[in-house]
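Working notes for the structure below.
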Amino acid sequence: MMRRKWLSLACGAALIVTAMAGCSSGTSAPGGGAPGASGSSDAGSETTKLKTLTILTGTTEPGYSALQAVAAGAEKKLNLTIRFDVKPDGTEGDNLVKTRLATGDMSDILFYNSGSLLQALNPDENFVDLTNEPYMENVLDSFKETVSKDGKVYGVPVGSSNVGGILYNKRVYGELGLAIPKTWAEYIANNEAIKASGKVAVIGSYKTTWTSQLYVLANHYNVQAQNPNFAKDYTENKAKYATTPAALRGFEMTEETFKNGYMNEDFLALTYDGALKMLAEGAGVHYPMLTSAVDSLALNHPDKIQDIGVFPIPSDDPSINGLTVWMPNAMYINNKSKNVDAAKQFLEFLISPEGMQLFMSKAKANGPYVVEGIDVPDDAYDAIKEMQPYFDAGNTAPALEFVSPVKGPNLESLLIEVGTGQKSALDGAKDYDKDIEKQAQQLNLPGW
């Protein structure tokens, strides 16, 4: 089983970028339990009357199927009916969540980001405090800090953690005789060899705009290693991307990849799914991405999944080589719900060994779990196993979104400008430093 030495990291509150939100609308039920399927609850339900719980979520696979499996088990065990309210992806979905909270029309449970996006929802006003629930003792402190405000915990984790780095095609690496790069210079040399072979060195998928951010976001391990106080100083308006060389480096990586012609010609039109297809088939060899992509690769390209590996965003120093970690999303209970007790029982079931086993039956791990006693199975994909040495050595750091509440809304669009030659790396970083000011002021952060 896989160990979790990285858990000693002190993660603070803030986000990920990768949210599990789909693009459908309407409602659907998992079809798990019928009325009367269980006359009583093993979790201590005080009534045998069937209750209906609603969960607002996206439909991204395989996470949605995994939640349906958990819901089906909970229906039988807890004597519940569970209905999924489906929200759209991206900004539209975020706006829907905020509107439903403001109008009092929120579902009983919300499946949403941990970190800074949660802070924007005013959890102390909108969600139930879970701090003293007995089952929360099993949730790692490093995760709790990302779903907390003023010392109170509001969410339970859904699924595993994952990392940001470079997904790569191991088969092509073998054919070209390439070794995993430990520095940016070695990465560039590999890109040149791949380009000379006629393949795409770095896959760009700017049609799916959020994918433009990975060089910057996943570079945070390197930033923290060189500037241990960056997150604190950044939050207090004492450090900037444009004036911190290690942080500016992510913008420069984006610029250099474009200028060197490493990306596919259709990088502005290619989608995330198209990029994964290129990677699986070996037409493209590197893809800066979150390891949550492994789920989609396994689902859509099962015969190619063992060809995929992952390595960290390389720094300029061979002694600095590690992974940036993203915490899982979470479930939160609407404090205006009429079914708070039942919702608490569902969350307890979700993170129980039984609930986690149901979840894992439909969705493999993208990294270590953040619930005590829940280990990554031995049959994890190779890309996930390749993360383990970094975790074992302690060469991991939480993404900036989990140690600072500050993240500007226009990072992806600014990086597309940098990644298409419209703006220099330095100008992009300066503009992003300006972009974060409004959000920091809205959060009433000291120093802004």
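Which numbered condition in (1) of a type outside the set (Ser, Thr, Tyr); (2) touching a helix residue (DSSP H, G or I) at 6+ places or on another chain (Cβ under 8 Å); (3) surrounded by 17 or more Cβ atoms within 10 Å (Cβ to Cβ) is the only one that GLY421 fails?
GLY421 satisfies all of (1) of a type outside the set (Ser, Thr, Tyr); (2) touching a helix residue (DSSP H, G or I) at 6+ places or on another chain (Cβ under 8 Å); (3) surrounded by 17 or more Cβ atoms within 10 Å (Cβ to Cβ) except (3).
Hand me the list of helices (runs of 4 or more DSSP H) wholly inside segment 303-386 holding 2 or more residues that are within 26 Å of THR57 (Cα to Cα). Write out each step before concluding.
Values: elements: 340-350, 353-360, 382-385.
Of the helices (runs of 4 or more DSSP H) lying wholly inside segment 303-386, those with at least 2 residues that are within 26 Å of THR57 (Cα to Cα) span 340-350, 353-360.
Out of all the residues in segment 227-258, which are of a type in the set (D, E, K, R), under 16 Å from PRO405 (Cβ atoms) and in a loop (DSSP other than H, G, I, E, B)? Walk me through how you get there before you give the answer.
Residues of segment 227-258 that are of a type in the set (D, E, K, R), as a first pass: 232-233, 236, 238, 240, 249, 252, 255-256.
Still in the list and also under 16 Å from PRO405 (Cβ atoms): 232-233, 236, 238.
Scanning segment 227-258 gives GLU236, LYS238.
Could you list all residues from segment 320-379 that are under 12 Å from LEU67 (Cα atoms) and of a type in the set (D, E, K, R)?
Of everything in segment 320-379, just one residue is under 12 Å from LEU67 (Cα atoms) and of a type in the set (D, E, K, R), namely LYS362.
For segment 288-296, state whether one or more residues are in contact with a Ser or Thr (Cβ under 6 Å, 6 or more places away or on another chain) and either farther than 30 Å from SER404 by Cβ or not in a loop (DSSP other than H, G, I, E, B) (or both). Let's see the steps before the verdict.
Pass one, segment 288-296, residues in contact with a Ser or Thr (Cβ under 6 Å, 6 or more places away or on another chain): 290, 292.
Checking the rest, the ones that are also either farther than 30 Å from SER404 by Cβ or not in a loop (DSSP other than H, G, I, E, B) (or both) come to 290.
Yes: segment 288-296 contains one or more residues that are in contact with a Ser or Thr (Cβ under 6 Å, 6 or more places away or on another chain) and either farther than 30 Å from SER404 by Cβ or not in a loop (DSSP other than H, G, I, E, B) (or both).
If a residue must be in contact with an Asp or Glu (Cβ under 8 Å, 6 or more places away or on another chain) and either at pLDDT below 95 or closer than 12 Å to VAL216 by Cβ (or both), how many such residues does segment 411-446 contain?
Total meeting the criteria: 8.
What is the residue count in segment 427-448 for residues that are out of contact with any helix residue (DSSP H, G or I) (no Cβ under 7 Å at 6 or more places or on another chain), assigned to a helix (DSSP H, G or I) and not charged (D, E, K, R)?
5
Looking at segment 387-409, which of the residues that are in a loop (DSSP other than H, G, I, E, B) and over 18 Å from the mean Cα position of the chain (by Cα) is farthest from VAL156 (Cα to Cα)?
Restricting attention to segment 387-409, the residues satisfying the condition of being in a loop (DSSP other than H, G, I, E, B) are 387, 393-395, 399, 403-409.
Those still in the list that are over 18 Å from the mean Cα position of the chain (by Cα) too: 393-395.
On the way: ALA393: 27, GLY394: 25, ASN395: 26 Å.
Among those residues, the one meeting the criterion is ALA393.
Going residue by residue through segment 134-143, is there one that turns out to be surrounded by 16 or more Cβ atoms within 10 Å (Cβ to Cβ), modelled with pLDDT of 95 or more and either touching a helix residue (DSSP H, G or I) at 6+ places or on another chain (Cβ under 7 Å) or not charged (D, E, K, R) (or both)? If you could, list the steps in order and put the result at the bottom.
Keep residues of segment 134-143 that are surrounded by 16 or more Cβ atoms within 10 Å (Cβ to Cβ), which gives 135-136, 138-140, 142-143.
From the residues that got through so far, the ones that are modelled with pLDDT of 95 or more too are 135-136.
Narrowing further to those that are either touching a helix residue (DSSP H, G or I) at 6+ places or on another chain (Cβ under 7 Å) or not charged (D, E, K, R) (or both): 135-136.
Scanning segment 134-143 turns up at least one residue that is surrounded by 16 or more Cβ atoms within 10 Å (Cβ to Cβ), modelled with pLDDT of 95 or more and either touching a helix residue (DSSP H, G or I) at 6+ places or on another chain (Cβ under 7 Å) or not charged (D, E, K, R) (or both).
Provide a single number: the residues in segment 200-214 that are more than 19 Å from the chain's Cα centre (by Cα) and of a type in the set (Val, Ile, Thr).
Qualifying residue count for the region: 3.
The values are calculated or read from the model by the stated rules, or taken from the named source; none is laboratory data. This one's a predicted model, so the numbers in the text were calculated from it and none came from an experiment. Using ideal geometry, Cβ is built from the backbone for each residue, glycine included, and neighbour counts are taken over all protein chains shown.
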